[in-house]
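Peer 1: Before we start, here is the structure in question, set down as structure tokens.
Just so it is clear, none of the values below were taken in a lab; they were calculated from the coordinates. The structure displayed is predicted, hence computed values, not measured ones. No Cβ is skipped: glycine too gets one built from the backbone with ideal geometry, and neighbour counts run over all protein chains shown.
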Amino acid sequence: MIGFISKVFAILGKDLTAEIRSREILSGMFIFALLVILIFNFAFELQRGELASLAAGVLWVTFAFAGVLGLNRSFVLEKDRGSLEGLLLSPVDRGAIYLAKMLGNLIFILVTEAILVPLFAFVSNLALPLLPLLPVLLLGSLGFSAVGTVFAAMATSTRTREIMLPILLFPVVVPVVIAAVKATEVVFGGRDLSSVADWLRILIAFDVIFTVVSFLTFEYVISE
Amino acid sequence: MNSGAEQQIQWEVEVKGLSKYFGPRPALRGINLGIARGEFLALFGPNGAGKTTLIRILATLLPPTAGTAKVAGKDIRREGEGIRGLIGFVSHLPLLYDNLTARENLSFFGRLYSVLDLEARGDELLEEVGLTHRQHDLVRTYSRGMQQRLALARALLHDPAVLLLDEPYSGLDPQAVERLQEVLAGLARRNKTVLLATHNLEEGFEISHRLAILAQGRIVWEGERDALDRQELRALYRQYAGAG
């Protein structure tokens, strides 16, 4: 078990070090998300009352599309450079590779959110209830990367991988996005965390089920 | 090898009736092959003969369609993770992370292979492949030949029982080929079990113990290297594989 965890962190550490040096994934996600948020902001010019209800949708649509960019790159970069094969040749449980990649994708999505949410609140003149928003962002992003990582691995081997990932991912991840949007809307409306307990329970259930299923099936997905 | 000797040989790599189809197209057709412990086998064949497919199956990267194979006594179908810990693999791609330094690459793979005393092992291998002076440089700044030497160091990191080399000289200039050749000759002297697949008859001839020719998914000839010279090998290759 210690060996398994050590290998998960070795792969995760390698991914983070490589990304810190190249910024190939984060820069793409961030610029795309920033542009979407700015376009939405200028397009709607929302009044205070409408803002809370629409902001949640705008944010999660932005995160979902920016997340797809990041997920696509996470395997494509390794596949194109041949380093994924080096990883698959090592005596590592495929589940450890899944967990490391999933945690890496989660970190990239959370970093993007950490920059964009305050920025969005600033340009939209929206109050930011940080404490109740944190579990919603965390659970929503976890569900997204849990499913997204396994589909990104699947799409990497296909010729139309950039198109394939959103087609595979979005139908499955719809419950996460809906629950996250609803919970975020309630939080932006100024209500406390207990008001979103039902949505958080849905997110937790989704996260647990899809992380376990993805962990168990990753070996078949990543094999040729 | 005669049948009497075959019964006593401890095969480090043993392939029996191995076939691989990609859809209806056969890549390997009932391959039988054995590599004894400490033996260096050069497998020659033209492009598309099935060399890469065979090596990828032995490395557990591809499942076979039919037949069996054992590497270091382990079955490729049932003991994939065990086999991966006992083989070293070098292909025409370096399989390295170019945003990491040579030392970081070796440390990363060393952790995956649970290598003990990783620092000292890294020093030893970097010295062996002549990259000590560039160990802290990012791999993307390396020449193709240097990347290939580092790939060999990565493959040797865990002191594997079997080395699988798939066109390791591909894309290298003559100087880099010579350097890699020296490193491989060192492995042959240390009695490493090596399978070298290449389409170039010059590569690996001198340092191998046994030779085989693969054409259209079949082993069409195999024999001891000492039994023939380069000219005879070329003639055999032309006869069986149609070029050379």
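Peer 1: Kindly provide the helix-only [θ] at 222 nm of chain A, computed as the sum of -39,500 (n - 2.57) over DSSP H runs of four or more divided by all residues, to the nearest 500 deg cm²/dmol?
Peer 2: Value at 222 nm, helices only, nearest 500: -30500 deg cm²/dmol.
Peer 1: Cut-off 10 angstrom, C-alpha nodes, Gaussian network model of chain A. Which of A:E24, A:E85, A:E162 fluctuates the most?
Peer 2: Result: A:E85 has the largest fluctuation of those listed.
Peer 1: Moving to a separate point now. How do B:L164, B:L41, A:L168 rank when sorted from fewest to most other Cβ atoms within 10 Å of their own Cβ?
Peer 2: In order of increasing Cβ crowding within 10 Å: A:L168, B:L41, B:L164.
Peer 1: For A:K101, which lysines qualify as cross-link partners when the Cα separation must be under 23 Å and same-chain residues fewer than eight apart are set aside?
Peer 2: Candidates past the 8-residue exclusion: A:K7, A:K14, A:K79.
Peer 1: Would you compute the Debye intensity of segment A:49-119 from its alpha-carbon atoms alone, equal scatterers and no solvent, and pass along log10 I(q)/I(0) at q = 0.18 Å⁻¹ to two decimals?
Peer 2: Normalising to I(0) and taking log10 leaves -0.78.
Peer 1: Could I ask something else about it? Springs between alpha-carbon atoms under 10 Å, Gaussian network over chain B: tell me which of B:R154, B:R84, B:R230 tops the mean-square fluctuations.
Peer 2: Greatest mean-square fluctuation among the candidates belongs to B:R230.
Peer 1: Sum -39500 (n - 2.57) across every DSSP H segment of at least 4 residues in chain B, then divide by the residue count to get the 222 nm mean residue ellipticity, nearest 500.
Peer 2: Result for chain B, helices only: -10000 deg cm²/dmol.
Peer 1: While we're looking at this one, here's another question. Sorted from largest down, what three extents in whole angstroms do the Cα atoms of chain B have along their principal axes?
Peer 2: Cα spread of chain B along its principal axes, largest to smallest: 48, 41, 38 Å.
Peer 1: Amide H of B:K192 versus every other amide H placed in the peptide plane: which residues, excluding those fewer than 5 positions away on the same chain, fall under 5 Å?
Peer 2: none
Peer 1: Given a 10 angstrom Cα cut-off, can you work out which residue in A:T158, A:T62, A:T112 is the most mobile in a GNM of chain A?
Peer 2: The residue with the greatest mean-square fluctuation here is A:T158.
Peer 1: Also, quick follow-up: Cα centroid distance between segment B:175-244 and segment A:145-224, in Å?
Peer 2: What the calculation gives is 51 Å, centre to centre.
Peer 1: If you don't mind, there's one more thing I want to ask. Roughly speaking, what % of Cα-Cα pairs in chain A are separated by over 29 Å, rounded to a whole number?
Peer 2: When every Cα pair of chain A is considered, 27 percent fall beyond 29 Å.
Peer 1: Report the trypsin sites (Lys or Arg not before Pro) located in segment A:145-207 that are in a DSSP loop and have at most 10 other Cβ atoms inside 10 Å of their Cβ, or state none.
Peer 2: The qualifying sites are A:R159.
Peer 1: Right, something else. Would you please report the Å³ per residue occupied by the convex hull of the alpha carbon atoms in segment A:1-126?
Peer 2: It comes to 108 Å³ per residue, whole-number rounded.
Peer 1: Taking only Cα atoms of segment B:87-156, what ratio of Rg to Rh do you get with Rh as the Kirkwood inverse-distance radius?
Peer 2: With Rh from the inverse mean 1/r over Cα pairs, Rg/Rh is 0.91.
Peer 1: Based on the Cβ-Cβ distance from B:Q175 to A:E50, what FRET efficiency comes out when R0 is 51 Å, to the nearest 0.05?
Peer 2: Working from the Cβ atoms, E equals 0.15.
Peer 1: A further question follows. Which value, in Å³ per residue, describes the convex hull spanned by the Cα atoms of the protein assembly as shown?
Peer 2: 159 Å³
Peer 1: Continuing with this model, one more query. If you wrap a convex hull around the C-alpha atoms of segment B:1-129 and split its volume per residue, what is the figure in Å³?
Peer 2: With only Cα atoms used, segment B:1-129 gives 152 Å³ per residue.
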